[in-house]
Amino acid sequence: SIAANKVLGVRCALLTNVTNARLCHQHNNANVIALGANDVTPRKAYKIINTYDSVTFEERHQRRIDKISAYENR
């Protein structure tokens, strides 16, 4: 996730549970996810990915994303 976040336009979230999966997509519009092999079983990974895919970004958080993009483009 650290390396992915060095790429312009990438907002990668390291996910270990379904709550973080939901929130990172809803609030931060994460467009890449990373799953730790030592922390996430295949069954848990399936649940995390399904949760991430089932939610959408909440537009009320767009200002935060704009700030991140502005900082990134400096």
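The values are calculated or read from the model by the stated rules, or taken from the named source; none is laboratory data. Because the structure is predicted, anything quoted here is derived from the model rather than measured. Cβ coordinates were reconstructed from backbone atoms using ideal geometry, including for glycine residues, and neighbour counts include every protein chain displayed. Surface accessibility is based on the protein's heavy atoms, side chains included, excluding ligands, DNA and RNA. Shrake-Rupley method; radii C 1.70, N 1.55, O 1.52, S 1.80 Å.
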Restricting attention to segment 26-42, and to residues there that are aliphatic (A, V, I, L, M) and open to solvent by less than 90 Å² (accessible area, probe 1.4 Å), which single residue is farthest from S69 (Cα to Cα)?
-> V40
Go through the residues of segment 15-25 one by one and say whether even a single one is assigned to a helix (DSSP H, G or I), surrounded by 11 or more Cβ atoms within 10 Å (Cβ to Cβ), at pLDDT 95 or above and β-branched (V, I, T).
-> yes
Would you mention how many residues in segment 9-41 are within 23 Å of R60 (Cα to Cα) and either touching a Lys or Arg at 6+ places or on another chain (Cβ under 8 Å) or not β-branched (V, I, T) (or both)?
-> 20
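Give the number of residues within segment 30-74 that are aliphatic (A, V, I, L, M), part of a helix (DSSP H, G or I) and under 16 Å from A13 (Cα atoms).
Within segment 30-74, the subset aliphatic (A, V, I, L, M) is 30, 32-35, 37, 40, 45, 48-49, 55, 65, 68, 70.
Within this subset, residues satisfying the condition of being part of a helix (DSSP H, G or I) are 45, 48-49, 65, 68, 70.
After this cut, where a residue has to be under 16 Å from A13 (Cα atoms) as well, the list is 45, 48-49, 65, 68.
Residues flagged as aliphatic (A, V, I, L, M), part of a helix (DSSP H, G or I) and under 16 Å from A13 (Cα atoms) within segment 30-74 amount to 5.
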Does segment 33-45 contain at least one residue that is more than 19 Å from S1 (Cα to Cα), of a type outside the set (D, E) and modelled with pLDDT of 95 or more?
-> yes
Only listed residue being of a type outside the set (S, T, N, Q), in contact (Cβ under 8 Å) with a residue 12 or more places away in the chain, at negative phi and surrounded by 12 or more Cβ atoms within 10 Å (Cβ to Cβ), chosen from A4, A45 = A4
Looking at this structure, is V10 outside any helix (DSSP H, G or I) and either of a type in the set (F, W, Y) or buried (at least 16 other Cβ atoms within 10 Å of the Cβ) (or both)?
-> no
Please determine, by comparing only the residues of segment 48-74 that are in contact with a helix residue (DSSP H, G or I) (Cβ under 6 Å, 6 or more places away or on another chain) and closer than 23 Å to I2 by Cβ, which one is least open to solvent (accessible area, probe 1.4 Å).
-> I48
